[in-house]
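Since every read-out is calculated from the coordinates, none of them should be taken as a lab result. In this text the structure is predicted, and so the values were computed from the model without any measurement. Counting neighbours? That spans all protein chains shown, and the Cβs are built from the backbone with ideal geometry, glycine included.
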Amino acid sequence: MKNRPGRKRGIWAIALLILGVTLIGGPFALMVSLFSGAHYVGNAMLPTIADGDRVLLKRNPPEVRRGDIVTYEAVEWQGSGTSVGRVVAVEGDHIAYVNGESTLTLNGQPLDEPYVLDGAPGAPGVAFAVSVPQGRVFILGDNRGNSADSRFYSELQQGTLPVSAVTGVRTAEDNVVMAVLGLASTVGTLALSVGIGLGIAALVARRKKPVPAGPVWGAVHVDEA
């Protein structure tokens, strides 16, 4: 039985279309369910996040760790509204800053903060010493000279917030996950494009009418008289 014109290309087209839709739709659904995104407004997180940057964070994180960039609802401080900051201390930690010092201290040791704007760990005149209660976190902006953060709410639980106030977390591990999902989507887009091209080629091949074969001239044997 002869193969129909374009049959193989049609099979490849269907396979690539299915692969493309899977690689695009799957990562997209996963990202929507796991991550939330928003455009950041303000300068409190310079130089890490600039005004207008898109921030992508994991929803409802199971754990909040030191150094995590988070979104949080600081109802205790300012009512409704979402803010972005960095967790510098968690429950059981003692975080402190003495005016004029070159670093914060965490549990009595200098805290390395390469992300802080201009290497300035604190704002002039704003010293603090906080022991973080259970189930709470201490949050600062990376731009310590222009950030309304835990330092300015010492009368409310020493400026700490409940972990439940954290609505999203951005970590290095999540950046890897997002890169992998992005790569999968790129491969899916390529597979989808090739599949569409092969599908069109298969349809064109099927619609072509076969060219009839020309007459076959045979040899004539002439009997000799």
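Quote to one decimal, in nm, the extra length available between I14 and L190 on full extension: 0.36 nm per residue of separation minus the C-alpha distance between them.
On the way: separation 176, 0.36 × 176 = 63.36 nm, distance 1.39 nm.
That works out to 62.0 nm of additional length.
Take peptides 135-146, 101-112 and line them up by average Cβ neighbours within 10 Å, highest first, as a rough protection proxy. Walk me through the intermediate numbers first.
On the way: 135-146: 21.8, 101-112: 13.6.
Going by the mean number of other Cβ atoms within 10 Å, highest first, we get 135-146, 101-112.
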Original post:
If you wrap a convex hull around the Cα atoms of region 49-116, how much volume per residue is inside, in Å³?
Top reply: 144 Å³
Subject >> D118/F152 FRET efficiency (R0 22 Å; Cβ-Cβ; nearest 0.05) >> reply: 0.65
Original post:
Using modelled backbone amide H atoms (1.01 Å from N, in-plane), which distant-in-sequence or interchain residues come within less than 5 Å of D53's amide H?
Top reply: Y40
